Amino acid sequence: MKFSWRVALLWTLPLLVIGFFLWQGAFSSAPADMGRNAANTRLTYGRFLDYLDAGRVTAVDLYDGGRTAIIEAVDPDLDNRVMRWRVDLPGNSPDLVSRLRTANISLDSHPPRNDGALVGALGNLLFPLLLIGGLFFLFRRSNGAMGGPGQAMSFGKSKARFMMEAKTGVMFDDVAGIDEAKEELEEVVTFLKKPERFTAIGARIPKGVLLVGPPGTGKTLLAKAIAGEAGVPFFSISGSEFVEMFVGVGASRVRDLFKKAKENAPCIIFIDEIDAVGRQRGAGIGGGNDEREQTLNQLLTEMDGFEGNTGIIIIAATNRADVLDSALLRPGRFDRQVMVDPPDIKGRIEILEVHARNKKLAEDISLETIARRTPGFTGADLANLLNEAAILTARRRKDGMTMAEVDDAVDRVIAGMEGTPLVDSKSKRLIAYHEIGHAIVGTLVKDHDPVQKVTLIPRGQAQGLTWFTPSEEQMLISRAQILARITGALGGRAAEDVIFGDAEVTTGAGNDLQQVSNMARQMVTRFGMSDLGPLSLESSQGEVFLGRDWLSRSEYSEEVSSRIDGQVRTIVDHCYTNAKRIMQDHRALIDRLVDLLVERETIDGDELRQIVSEYTVVPDKQQFVPQL
């Protein structure tokens, strides 16, 4: 363990204080130099004189200038044994010594030790010494944080982790589901390993590669794979590590990073979350943060400035490419932008195979089934899913993971932890009608996603859930599909309205109505699916980028705004009317499904469709194939 003066000081000072007070207390609690002659019992002065007159005293030792005495005397009450007592002598007894000499008693006097001055001096010096030591310790700490003595030379140095040959334990074989991005980066690794293959025909090594994608898609994992495959020096740093509260420090760290990289070229620099330092300049009110902008300017200069950075490949990752400065994205700095999107079904199967290598799986496990049930899941989501399933398997004391644990893990990841089942009451039946309303619409409307299961088991904030399995890889969605989803979302409210009446409608459809309003408004303002025509009236950017969009104004008039509201209301009213009609036309079917759901608490999608087919024709839900 490395010795630390700070830790030693923190432990030593309290011990010194405690020791001092104990030492001072020891000197003040007993006469000086009593040592081995100290007595544990006291004797009054009058009793001492009685013993002296009776000739029972054999020896006397005087202490503290004659104010205290230790005597040896024969005690008649203890079979005439010789005992030792401590006696406090009065200050005005000059004849006592004469009486002791006359009685031929052994007498000895012990002069007092002169420790008072030393103890007083130490007591007076201890507090100032402690105060000075504490101030010195605080001064050293503050200097360390601000780059003072001891750290002044390293404050502006780069904090990048440097590995001559990065052994991350991750190779390209361990990265699955993002084949296009992996192929682009494999080419970069080939540039570093065999540059002559490309330079022979005039190709130059790319200067920068920007990995763009949602969180959890594997951007950092790709960087680890590049580090493991390249076999060249590797620098890794986060964008936030450049920026400090002191102006100029970030730019100094950028210079130091590229200086080290040039000394070890060819090499790779990986900057994670580059949007922390690469946001657009001048985007903040009042000109933005000067320190961040100076750091970005220095980064732009080092990437493709006057000197250049021959032999250095910069790989950066972000999920907010829309806020990056345009100068950072131009060719010559980041020559390539690699999109790392959520995987398709094939990619999800490959990712599940990678994460299932170290897990015990039962024979009934089908990774393809899991992949089909998890559209939109990223690599991190799938890794978390299998880990949750493994935890459930261990909790249930099973030897291998089964589909039951995977299904429960999917529900837990998407909707939250399982709650306490509802008791059989009016509230439970109302929730059952609400969920069956969603399920009936999802089953009877042709363009709606098929129902996977309906359950009354609470999860998270939901008291009941209806799960749908979307058609695979819906990159494009038709107008009919959006209307079907709006109708399905309104199915729960429609069931409450038809079965219990308008007065008994509950707040259970609150989240459904938010989704309905959002989908209907996007149909009108973004997708041109209304009577307003093929117009895009609102941007897809849902957040205001401070400074750039702070003063943005609506690009349409109040009249158009009123028409947008009217179109949204028309779409929602049309879908709600259809949902209520379905409830009214299939009342007997709904009552049977509700009774079954209250009894079992969960109905599988296949069983639900089988029961519905006994009452009416279930439409054929084929996979949506866009016509281009």
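Restricting attention to region 561-572, which residues are surrounded by fewer than 14 Cβ atoms within 10 Å (Cβ to Cβ) and within 43 Å of the chain's Cα centre (by Cα)? Passing the criteria: Ser561, Asp565, Arg569. Inspect region 460-468 for any residue being touching an Asp or Glu at 6+ places or on another chain (Cβ under 6 Å), part of a loop (DSSP other than H, G, I, E, B), at negative phi and not assigned by TED's automatic domain parsing to the domain that holds Ile370 and give the result as yes or no. Checking region 460-468: at least one residue is touching an Asp or Glu at 6+ places or on another chain (Cβ under 6 Å), part of a loop (DSSP other than H, G, I, E, B), at negative phi and not assigned by TED's automatic domain parsing to the domain that holds Ile370. Looking at region 581-600, can you tell me whether even one residue there is over 28 Å from Arg373 (Cβ atoms), under 43 Å from the mean Cα position of the chain (by Cα) and at pLDDT below 90? Within region 581-600 (the criterion being over 28 Å from Arg373 (Cβ atoms), under 43 Å from the mean Cα position of the chain (by Cα) and at pLDDT below 90), the answer is no, since none of the residues qualifies. Name the pairs: first residue in region 409-429 and within 16 Å of Asp595 (Cβ to Cβ), second residue of a type in the set (A, V, I, L, M, F, W, C) and in a helix (DSSP H, G or I), Cβ to Cβ under 8 Å, at least 6 apart or on different chains? Pairs found: Leu422/Ile431; Asp424/Val598; Lys428/Val598; Arg429/Val594; Arg429/Val598.
Taking the condition under 27 Å from Ile486 (Cα atoms), assigned to a loop (DSSP other than H, G, I, E, B) and of a type in the set (Phe, Trp, Tyr), does Phe377 pass? Criteria met by Phe377.
Here Asn319 fulfils each of the conditions (1) of a type in the set (S, T, N, Q); (2) in contact (Cβ under 8 Å) with a residue 60 or more places away in the chain; (3) farther than 28 Å from Ser238 by Cα apart from (3). When you check Ala489 against the structure, is it over 12 Å from Val572 (Cβ atoms), surrounded by 14 or more Cβ atoms within 10 Å (Cβ to Cβ) and in contact (Cβ under 8 Å) with a residue 24 or more places away in the chain, yes or no? It is false that Ala489 is over 12 Å from Val572 (Cβ atoms), surrounded by 14 or more Cβ atoms within 10 Å (Cβ to Cβ) and in contact (Cβ under 8 Å) with a residue 24 or more places away in the chain.
One line per residue, one yes/no per condition, for (1) under 26 Å from the mean Cα position of the chain (by Cα); (2) at pLDDT 85 or above:
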| position | (1), (2) |
| --- | --- |
| Phe306 | no, no |
| Pro343 | yes, yes |
| Gly347 | no, yes |
| Lys359 | yes, yes |
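Only residues that are assigned to a strand (DSSP E or B) and closer than 27 Å to Asn384 by Cβ were counted in region 324-370, giving 3. Comparison of Val544, Val524 shows that the only residue that is closer than 30 Å to Arg320 by Cβ, modelled with pLDDT under 95, among the β-branched types (Val, Ile, Thr) and surrounded by fewer than 15 Cβ atoms within 10 Å (Cβ to Cβ) is Val544. For region 430-446, indicate whether the set of residues that are not basic (Lys, Arg), not in a helix (DSSP H, G or I) and not assigned by TED's automatic domain parsing to the domain that holds Glu368 is non-empty. Checking region 430-446: at least one residue is not basic (Lys, Arg), not in a helix (DSSP H, G or I) and not assigned by TED's automatic domain parsing to the domain that holds Glu368. Being crowded, with 16+ Cβ neighbours inside 10 Å, part of a loop (DSSP other than H, G, I, E, B) and charged (D, E, K, R) is a condition met by at least one residue of region 447-455. From the set of residues in region 186-244 that are among the small types (Gly, Ala, Ser), assigned to a helix (DSSP H, G or I) and at pLDDT 80 or above, which is farthest from Ile314 (Cα to Cα)? If we take residues in region 186-244 being among the small types (Gly, Ala, Ser), assigned to a helix (DSSP H, G or I) and at pLDDT 80 or above, then Ala225 is farthest from Ile314 (Cα to Cα). Ser557 falls short on exactly one of the conditions (1) modelled with pLDDT under 85; (2) hydroxyl-bearing (Ser, Thr, Tyr); (3) under 41 Å from the mean Cα position of the chain (by Cα), and that condition is (3). Summed over region 394-418, residues that are small (Gly, Ala, Ser) and not in a loop (DSSP other than H, G, I, E, B) total 4. When Ile414 is tested against the conditions (1) under 33 Å from the mean Cα position of the chain (by Cα); (2) of a type in the set (A, V, I, L, M, F, W, C); (3) buried (at least 23 other Cβ atoms within 10 Å of the Cβ), the lone failure is (3).
Look at Ile436 and say whether it is in contact (Cβ under 8 Å) with a residue 12 or more places away in the chain and among the hydrophobic types (A, V, I, L, M, F, W, C). Criteria met by Ile436.
The values are calculated or read from the model by the stated rules, or taken from the named source; none is laboratory data. The shown structure was predicted, so the numbers you read here are calculated from the model rather than taken from an experiment. As a convention, Cβ positions derive from the backbone with ideal geometry for all residues, glycine included, and neighbour counts pool all protein chains shown.
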